[in-house]
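S.K.: First the structure, then my questions, so here it is.
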Amino acid sequence: MPGVRWAIPISLGDSHRGYRVVGTTRDCFEHFRYANKRQLEFSAGQAFEDTYHAVLGAEVARQLGYQSGDRLIVTHGLGADGLAADHTDKPFTVSGILAPTGTPVDRSVHVSLAGIEAIHINWNKTETDPTLVRSSSDLRPRAITAFMLGLDSRLLAFGLQRKINQYAGEPLLAIFPGVALQELWDLMRVAEQALRIISLLVAAAAMAGLLAVSLAALNERRREMAILRSVGASHLHVMGLLVSESALLTAFGIVLGLVLQNAVLLVLQPWLVDQFGLFLPLGLPGAHEWKMLGGLQLAGILVGLLPAWRGYRNSLADGLSTRL
């Protein structure tokens, strides 16, 4: 179709010791992207080049102890023990192992479409008509499970979806993964709102602590405020000092929080991806987070107004009579 830049075929139905076997092409390793357009990388070996080569996800290789060059048997069906016989007559050789991604790719075994076809040539020995038995040289897939498409422009997406859904030659359904994930996230919005409420409570507690510290320190600085007033500092100057102090403390806390967050992620990111499949990207906050941080900074400035007003009133009442 016009506007289609690439296509990644996917053929499912087999497994290996509980892990899905995915029949695809080498285009998968070139075009598939995850976590902000990151490309698949190999921690060992390379993509499959032979019919009976297999590329393992990081979790499959780690849990089953595979290395490049090892051999494995694919099982027809799903589940740890499969639903039918193993394809013991056609073993695969591990040609490569992918680096951790934090996606289902880590829990998949990738083989070529030709490999999928080869292991299913009269695999159950039930076909007796020789005219219906396929030749081992004819490994073109007759059917696949799904395929992923990449387009030249996002503007073509909805038009192409409509064409695919209305295709008369075969019942097809075009799905936007992002839309499907958004619908799933909508179901979890209650948990998201609960986390936001907890964040607001933490921020309120931090502001309350800042106010308490500022008021406590203000009582020890009454003589300082009085001296400033005696040498000609205006009340706006005195108040500005206290407000700016609160604003600077809040800004320092925000910057320190961002630095610590990225430092912790830098250390824990490989472990989180490897153990939990959770990818948390490094970098600056997004637009929504900047708004929240801006609101936190504004709250810090407003919190400084009360100590500033108290400092101004104390400086008027104390004059130079405040004792050390």
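The values are calculated or read from the model by the stated rules, or taken from the named source; none is laboratory data. Small disclaimer: the values here were computed from a predicted structure and weren't measured. Here Cβ is always computed from backbone atoms with ideal geometry, including for glycine, and neighbour counts include all displayed protein chains.
S.K.: Does at least one position in region 201-208 carry a residue that is among the aliphatic types (A, V, I, L, M), surrounded by 11 or more Cβ atoms within 10 Å (Cβ to Cβ), touching a helix residue (DSSP H, G or I) at 6+ places or on another chain (Cβ under 7 Å) and free of Cβ contacts under 8 Å to residues at least 60 places away in the same chain?
M.R.: For region 201-208, residues among the aliphatic types (A, V, I, L, M), surrounded by 11 or more Cβ atoms within 10 Å (Cβ to Cβ), touching a helix residue (DSSP H, G or I) at 6+ places or on another chain (Cβ under 7 Å) and free of Cβ contacts under 8 Å to residues at least 60 places away in the same chain: absent.
S.K.: Is it fair to say residue 61 is in a loop (DSSP other than H, G, I, E, B), surrounded by 16 or more Cβ atoms within 10 Å (Cβ to Cβ), at pLDDT 90 or above and not aromatic (Phe, Trp, Tyr)?
M.R.: Here the answer is no, as residue 61 does not meet what is asked.
S.K.: For region 204-315, which helices (runs of 4 or more DSSP H) that fit wholly inside it have 2 or more residues that are modelled with pLDDT of 80 or more and farther than 27 Å from residue 100 by Cβ?
M.R.: Values: elements: 222-230, 235-276, 287-303.
Helices (runs of 4 or more DSSP H) meeting the threshold: 235-276, 287-303.
S.K.: Specify the residue that is nearest to residue 15 (Cα to Cα); the eligible residues are those in region 102-116 that are assigned to a strand (DSSP E or B) and hydroxyl-bearing (Ser, Thr, Tyr).
M.R.: The selected residue is 108.
S.K.: A follow-up question, please. Of everything in region 142-161 that's part of a strand (DSSP E or B) and among the hydrophobic types (A, V, I, L, M, F, W, C), which residue is farthest from residue 6 (Cα to Cα)?
M.R.: Top of the filtered list is 146.
S.K.: Something else about it: Among the numbered criteria (1) more than 30 Å from residue 63 (Cβ to Cβ); (2) in contact with a helix residue (DSSP H, G or I) (Cβ under 8 Å, 6 or more places away or on another chain), which single criterion is violated by residue 279?
M.R.: In the conditions (1) more than 30 Å from residue 63 (Cβ to Cβ); (2) in contact with a helix residue (DSSP H, G or I) (Cβ under 8 Å, 6 or more places away or on another chain), residue 279 misses (1) alone.
S.K.: Shifting gears a bit: Got at least one residue in region 38-57 being closer than 28 Å to residue 151 by Cα, outside the structural domain of residue 271 (by TED's automatic domain parsing) and free of Cβ contacts under 8 Å to residues at least 24 places away in the same chain?
M.R.: Yes; the residues of region 38-57 include at least one that is closer than 28 Å to residue 151 by Cα, outside the structural domain of residue 271 (by TED's automatic domain parsing) and free of Cβ contacts under 8 Å to residues at least 24 places away in the same chain.
S.K.: State whether the residues of region 21-29 include one that is of a type in the set (D, E, K, R) and either touching a strand residue (DSSP E or B) at 6+ places or on another chain (Cβ under 6 Å) or buried (at least 19 other Cβ atoms within 10 Å of the Cβ) (or both). Outline the logic, then answer.
M.R.: Pass one, region 21-29, residues of a type in the set (D, E, K, R): 26-27.
Retained after the next criterion (residues that are either touching a strand residue (DSSP E or B) at 6+ places or on another chain (Cβ under 6 Å) or buried (at least 19 other Cβ atoms within 10 Å of the Cβ) (or both)): 27.
Yes.
S.K.: Working only within region 23-50, note down all residues that are under 17 Å from residue 117 (Cβ atoms) and touching an Asp or Glu at 6+ places or on another chain (Cβ under 9 Å).
M.R.: Passing the criteria: 23, 26.
S.K.: Within region 146-185, how many residues are among the polar types (S, T, N, Q) and surrounded by 13 or more Cβ atoms within 10 Å (Cβ to Cβ)?
M.R.: Qualifying residue count for the region: 1.
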